[in-house]
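Chemist: Here it is, the structure in full.
Just so you know, all these numbers are worked out from the coordinates, no wet-lab data involved. Source: prediction; values computed, not measured. Cβ sites come from the backbone with ideal geometry, for glycine too, and all protein chains shown count toward neighbours.
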Amino acid sequence: MNAQANLFDAVVEASGLVELIAPFTVSRLLVAADVNPQDVTPEDLTRALPSLETGLSVYLGKDDLEKALGNLRRLARDG
């Protein structure tokens, strides 16, 4: 498995979404931010954070959303 696939899996896990919808939802949100989910990089993730925040807010309450965004920001920073 390549680094981008590992990052995508980490983004899915960090999203805070239930396992059943997380991969599809995260993929859709990344595509909406003009990011290829299969090739996502930390730079792409940084660019996609606003789209992810908007999309995740539909599914997560305020506390869970803040936790997910913190996790996603760390992934964008640390890869």
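Chemist: Taking the Cβ of S51 as the centre, find all other residues whose Cβ is under 12 Å away and add up their charges (Lys, Arg: +1; Asp, Glu: -1).
Modeler: Counting the neighbours of S51, the net charge comes to -1.
Chemist: Of all the C-alpha pairs in the chain, what % are more than 17 Å from each other?
Modeler: 33
Chemist: State the extension gain, in nm to one decimal, for the chain segment bounded by K67 and T46, taking 0.36 nm per residue of separation less the distance between their alpha-carbons.
Modeler: So the extension gain works out to 5.9 nm.
Chemist: Turning to a different aspect of this structure: Distance in nm between label sites at V58 and D78, each 7 Å beyond Cα in the beta-carbon direction?
Modeler: According to this spin-label approximation, the distance is 3.0 nm.
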